[in-house]
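A.B. asks: Take a look at the following structure, please.
Just so it is clear, none of the values below were taken in a lab; they were calculated from the coordinates. Note that the coordinates shown come from a computational prediction; the quantities given were computed from them, not determined experimentally. A quick note on method: Cβ atoms are made from the backbone with ideal geometry, for glycine too, and the neighbour counts reach across all protein chains shown.
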Amino acid sequence: MAHRNKLNKKKRKALIITLSYWLTALVICPILIGLGLKNIALIAFTFLLSGGVVFYLHYYYCILCLKCKKSLGFVIFSSSKNFFKISDELTFCPYCGVSFDKEV
Ligand SMILES: [Zn+2]
């Protein structure tokens, strides 16, 4: 499997985990409100903020170069508008130079 395919898989996984978290929050928020918590804005803000933290942690600390193990999250996220795969223009790791099309 090419390095690019593994990074695409990690990127999709990070997106799915983050979306799952926010969907769960959408279910839990009405339950908390039904239990008597009145401050809806505080509940929503807390879930959005913690969802953002989940997103940040996955993108920036779980998407690593397979060779040098440095974080590629920022590079991958900022170079592609597609949430499901890395940009085709990104062809190598900026830290160690390994090709993303090379078989691992
Ligand atoms: Zn690298």
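A.B. asks: Would you work out the charge dipole size for the chain about its Cα centre, treating the Cβ of every Lys and Arg as +1 and the Cβ of every Asp and Glu as -1, and quote it to the nearest 20 debye?
C.D. replies: With only Lys, Arg, Asp and Glu charged at Cβ, the dipole is about 240 debye.
A.B. asks: So, one more: If you fit an axis through the alpha-carbon atoms of helix 40-61 and take the longest principal axis of the Cα set of the chain, what angle between them do you get, 0 to 90°, nearest 10?
C.D. replies: With rounding to tens, the tilt is 10 degrees.
A.B. asks: Also: Around Cys93, with a cut-off of 9 angstrom between Cβ atoms, what is the net charge of the other residues, counting Lys and Arg +1 and Asp and Glu -1?
C.D. replies: Neighbourhood net charge equals +2.
A.B. asks: Normalized C-alpha radius of gyration of the chain, against 2.2 N^0.38 Å? The partial results should precede the final answer.
C.D. replies: Values: Rg = 17.3 Å, N = 104, 2.2 N^0.38 = 12.8 Å.
So the chain has a normalised radius of gyration of 1.34.
A.B. asks: State, as an integer percentage, the relative contact order of the chain based on alpha-carbon contacts under 8 Å between residues 6 or more apart.
C.D. replies: 39 percent
A.B. asks: On to the next question. For the stretch 58-95 and the stretch 17-54, what is the separation of their C-alpha centers, rounded to whole Å?
C.D. replies: So the two Cα centres are separated by 29 Å.
A.B. asks: Let me know the number of lysine pairs in the stretch 3-79 closer than 20 Å at the Cα, not counting same-chain pairs under 8 apart.
C.D. replies: The result is 15.
A.B. asks: Which of Val104, Val27 has the fewest other C-beta atoms within 10 Å, and how do the rest follow up to the most?
C.D. replies: Going from sparsest to densest Cβ surroundings: Val27, Val104.
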